[in-house]
Each structure stands twice: as C-alpha cells, then as structure tokens.
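Novice: Before I ask anything, let me first share the structure, which is written out below as structure tokens.
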There are 2 protein chains.
Amino acid sequence: MIRLTAKDEDYLETIYRISKTSDTVGVTEVAKARKVTVPTARTAVARLAKDGLVRQQHYGKIILNPSGKKLGEEIFAVHRILRQFLTDALLIEPQLAEQEACRMEHGLSKTTLRRLRLFLEAITNCGGGDPKCLSSYRKELLAK
Amino acid sequence: MIRLTAKDEDYLETIYRISKTSDTVGVTEVAKARKVTVPTARTAVARLAKDGLVRQQHYGKIILNPSGKKLGEEIFAVHRILRQFLTDALLIEPQLAEQEACRMEHGLSKTTLRRLRLFLEAITNCGGGDPKCLSSYRKELLAK
DNA sequence: CAATAATGTAAGAGTCGTCTTACTTTGTCA
DNA sequence: TGACAAAGTAAGACGACTCTTACATTATTG
C-alpha cells in the first residue's frame with residue numbers, strides 16, 4: 001500500500017484533474033496549478049514516478065499509470081465530498097470551499113468519509129422542506 | 001502576526017493541553033504526547049521559543065508566554081469544534097473523532113469556523129426533535 | 001530552416017521535521 | 001552524600017519540499 005505525503009497527494013490530484021480536461025499534462029501546468037516553480041513541480045513528479053504512480057519520458061509529458069489514476073480519482077473524490085459539505089451544508093462560497101477542502105482532505109479515515117457522505121445525502125433530501133432532516137441520517141447509520 | 005506550520009501548531013496545542021492539567025510541562029511529556037522522540041520534541045520547542053511563544057531555561061521546564069497561551073487556546077478551540085462536529089453531527093466515535101479533528105484543524109478560515117459553529121448550534125437544537133432543523137441555520141447565516 | 005519561444009532538466013542551497021547516538025544536568029534515595 | 005535514574009541537550013544525518021540560476025530540448029513561426 002502506497003503511503004503518500006499530503007503534498008504528493010496534492011500533486012497527484014492536480015495531475016489527475018488536469019488529465020481530465022487535457023490530453024497531455026506538462027510540468028509547467030502542474031507548477032502553475034499548485035503555485036510553485038517549475039523545478040519544484042518537477043521534483044514532485046519525480047517522487048510520484050518513484051512510487052510508480054506516473055511515468056514520464058525525458059522532456060516528455062506526464063502520464064498517469066493505472067495505480068496513479070485510481071489513487072488520484074480517490075483523492076479527488078474526497079475533495080469533492082468535503083467541498084460539497086462546505087457549500088451545501090455550511091453554505092460557504094464555492095471559491096473558499098474549494099480552498100478549505102484542500103486543507104481538510106488529507107488522511108481522513110474511510111469511516112469519517114462514509115459518514116460524511118451519508119450525512120450529505122440526508123441534508124440534501126432535507127432541502128426540499130422535509131422535516132425528518134437529520135433523523136434519517138441517524139437511522140441509516142444504525143442500519144449499517 | 002505569527003505564522004506557524006501545521007506541526008508547530010500541533011506542538012503548541014499539545015503544550016497548551018498539558019499545561020491545563022499539569023503545572024509543569026517537560027520535553028519528555030510533549031514527546032510522548034506527540035509520539036516523537038525527545039530530541040524531536042526539543043527542536044520543536046526551540047522553534048516555538050524562537051517565535052516567542054514559549055520559553056525555557058537550560059534544563060528547565062517549558063513555560064507558555066502570553067502569546068503562546070492565547071494561540072494555543074485558539075488552536076485548541078478549533079480542534080474542539082471539529083471534534084464536536086464529528087461526534088455530534090456525524091456520530092463518529094470519540095476516539096476516532098479526536099484523531100480526525102487533528103487532521104482537519106489546520107489553516108481553516110475564520111469564515112468556515114464561524115459557520116461550522118453556527119451549524120453545530122442548529123444541529124444541537126434539532127436534536128430534541130425540532131423540525132426546523134437546518135433552516136434555522138440558514139436564517140441565522142443570512143442575518144449576519 | 002534557423003531564430004526564438006516555450007518547455008523541461010540539472011545543480012546547489014536552505015528550512016522543516018524527523019531520527020540515532022552520545023553526552024550533560026538534575027533529582028532521588030540508600 | 002554519592003550512585004543511579006530521569007530528564008534534557010548536542011551533533012550529525014536524512015528525506016521532503018521549496019527556491020534560484022543556469023542549461024538543454026522541443027515547438028513554432030517568419
């Protein structure tokens with residue numbers, strides 16, 4: 001089981017996100033997205049490559065290996081859950097929610113994430129004026 | 001304005017917490033609490049001392065300066081809010097909530113923390129079966 | 001197709017945060 | 001009160017992560 005640092009998770013997530021909207025991922029793009037210098041992004045990519053998550057030919061583009069893609073996807077999913085909690089439950093502005101999610105997303109347990117997901121579902125259903133609100137969350141939780 | 005790293009925030013919080021139940025704080029206690037070696041804790045204390053947050057005489061105990069106490073208190077308060085959210089809203093077991101709070105507590109904005117606080121109040125009031133639930137949170141939010 | 005722009009790489013330095021090993025000081029108690 | 005235990009310190013190492021400066025390769029375009 002690969003154990004990444006928080007920073008490397010950030011880089012992998014960034015690469016994953018870029019790769020979804022662009023068919024090539026360059027070091028420069030990563031650097032810009034993470035607001036670091038190009039050499040810094042490069043060393044990060046080198047670390048990820050050492051772990052087999054990405055590969056890159058000399059002067060070539062960054063390519064996600066299957067394991068890297070999978071992990072990037074997972075990290076991004078966590079990010080989305082947190083962001084959704086911030087926007088939908090706390091009513092935080094999208095832009096701030098995006099930042100804050102970055103800060104909270106590392107190293108959370110599967111348990112907490114699963115419960116956060118359930119909680120969000122409960123909240124969302126509640127939006128239509130349904131008064132059962134959180135009690136439904138509690139029931140679901142007890143059912144697992 | 002002092003800008004601590006996440007780790008140093010952890011150390012300061014630890015020192016603050018120990019100081020609340022014990023009238024002297026030693027490097028060894030800090031090391032044990034943070035699960036690091038004694039020299040590691042020592043270098044962390046040295047960093048905090050450099051920032052004027054704590055002081056320590058040679059071979060002496062660690063003492064929180066006023067600024068350190070204030071900041072430690074603030075950091076701990078954030079920790080408590082997150083822990084409460086995890087236990088009271090998500091119904092996470094206390095022990096896990098304690099850990100997870102540690103991971104989420106760094107670098108959150110005042111806005112997010114304030115809203116989380118309000119949200120918790122709304123949830124708590126909702127516990128008695130009051131159907132207004134989250135709508136009260138939304139109202140309060142708009143009123144600020 | 002050659003000059004230039006864009007992109008990527010190398011080398012070297014510095015801080016943070018951790019460790020190990022070894023040493024010093026302080027406190028205790030026989 | 002002196003030996004030993006407990007606590008603290010020093011020195012040196014290492015990886016992560018960042019920077020700057022300088023160099024190499026690739027793409028573009030005039």
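Novice: Can you give the Kirkwood hydrodynamic radius of the stretch A:6-70 from its Cα pairs, in Å with one decimal? Show your work: numbers first, answer last.
Specialist: Working: mean 1/r = 0.0882 Å⁻¹.
The Cα-based Kirkwood calculation yields 11.3 Å.
Novice: Once R0 is set to 25 Å, what does the formula 1/(1 + (r/R0)^6) return for the Cβ-Cβ distance between B:Glu93 and A:Ala49, expressed as a FRET efficiency to the nearest 0.05?
Specialist: Values: r = 38 Å, r/R0 = 1.54.
Here the calculated transfer efficiency is 0.05.
Novice: From other protein chains only, count the Cβ atoms within 10 Å of every residue's Cβ in B:113-119, then give the mean.
Specialist: Numbers: counts 2, 1, 5, 5, 0, 2, 4.
So the per-residue partner count for this stretch is 3.
Novice: Report, in degrees rounded to the nearest 10, the 0 to 90 angle that the Cα long axis of helix B:94-104 makes with the longest principal axis of chain B.
Specialist: 80 degrees
Novice: Round to the nearest 0.05 the FRET efficiency obtained for B:Thr5 and A:Lys32 when R0 = 25 Å and r is the Cβ-Cβ distance.
Specialist: Details: r = 24 Å, r/R0 = 0.97.
Efficiency computed from Cβ-Cβ geometry: 0.55.
Novice: Rounded to the nearest 10 degrees, what's the angle between the helix B:38-50 long axis and the longest principal axis of chain B, both from Cα atoms, 0 to 90?
Specialist: Roughly 80 degrees, rounded to the nearest 10.
Novice: With only alpha-carbon atoms in the gyration tensor, what are the semi-axes of the equivalent ellipsoid for chain B, in Å, largest first?
Specialist: Working: eigenvalues 243, 51, 27 Å².
After diagonalising the Cα gyration tensor, the semi-axes are 35, 16, 12 Å.
Novice: Calculate the dipole size of the stretch B:1-127 relative to its Cα centre from +1 charges on Lys and Arg beta carbons and -1 charges on Asp and Glu beta carbons; express the result in debye to the nearest 20. Before the final figure, lay out the partial values.
Specialist: Numbers: 21 positive and 15 negative charges, 89 e Å.
So the magnitude is around 420 debye.
Novice: Additional query: Which percent, to the nearest 5, of DSSP beta bridges fully inside the protein assembly as shown are antiparallel? Working shown, then result.
Specialist: Working: 8 of 8 bridges.
Counting only bridges with both partners in the protein assembly as shown, antiparallel ones make up about 100 percent.
Novice: Restricted to Cα positions, what overall size does the protein assembly as shown have along the principal axes? Three whole-Å values, descending.
Specialist: Per principal axis, max minus min of the Cα coordinates gives 61, 59, 37 Å.
Since every read-out is calculated from the coordinates, none of them should be taken as a lab result. Remember, predicted model here, so these are calculated numbers, not experimental data. Positions of Cβ are generated from backbone atoms using ideal geometry, with glycine treated the same way; all protein chains shown enter the neighbour counts.
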